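Single-structure report; data block below.
Any read-out appearing in this document is the output of simple, stated calculations on the displayed coordinates, not a laboratory observation. Since this is a predicted model, take the numbers as computed values, not measurements. Note that each Cβ is placed from the backbone with ideal geometry, even for glycine, and that neighbours are counted across all protein chains shown.
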Amino acid sequence: MSIQILQYEFLGPIKLSEWGPPMDSVAYIIFSKNKDVFNMIYVGESDKTESRDFFTKNKQFKCWLSYAGKEENLYLSIYPMWESDVSERRQLIRKVISKYKPVCNEDNSQNGSNISQGTEPEPEPEPESG
C-alpha cells in the first residue's frame, strides 16, 4: 500500500507500533487515524537507524499522542531516499510542511492537516521552465 503526497509515493501507512528497525535514509510522515481518515500530524527525516525507540524518543511524540489520543491511532508512512544527504531529505520535508502544515511540526499550532480534504494553499511551481 502507498499514499501519494505531492508527487512522491510514500509507503504505508502502517501502525507505528508495527514498525521495527532497521530503517535506511527516509522522509517519514506520522498520521493520526480517526475512523477511516488519516490526518497528517508530523513530517520528519532520518538517516539510517537501528534504534527500536526511534519514534517514541522523538521530541514531538507527546504532541503526536495528544492528537491521536493513543499510540494505536498513530500511523507511519515512509519515502525511501537511499544515499541521500540530510539537505535533500530536509528539502522534501519543507515542501510537505509548506503544503500540509502538520500540527506537530515546529511552527504549526493550528489543527492537523487532513489529507482527504484536499486543501490547496499555494500552487507548486512547475518543474519545467518552458
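Given H placed 1.01 Å from N in the peptide plane, which residues other than close sequence neighbours of ILE41 have an amide H under 5 Å from its amide H? Here the answer is ILE30, PHE31, SER32, since their amide H atoms fall under 5 Å of that of ILE41.
For the range 2-117, a simple Cβ point-charge model (Lys and Arg +1, Asp and Glu -1, everything else neutral) yields a dipole of about 420 debye relative to the Cα centre. Look at TRP19, TRP82, TRP64 and count the other Cβ atoms within 10 Å of each Cβ; fewest to most, that gives TRP82, TRP19, TRP64. When you work out D = kT/(6 pi eta Rh) for the range 2-117 at 25 °C and 0.890 mPa s, using the Kirkwood radius from C-alpha pairs as Rh and the Stokes-Einstein form, the result is 175 µm²/s.
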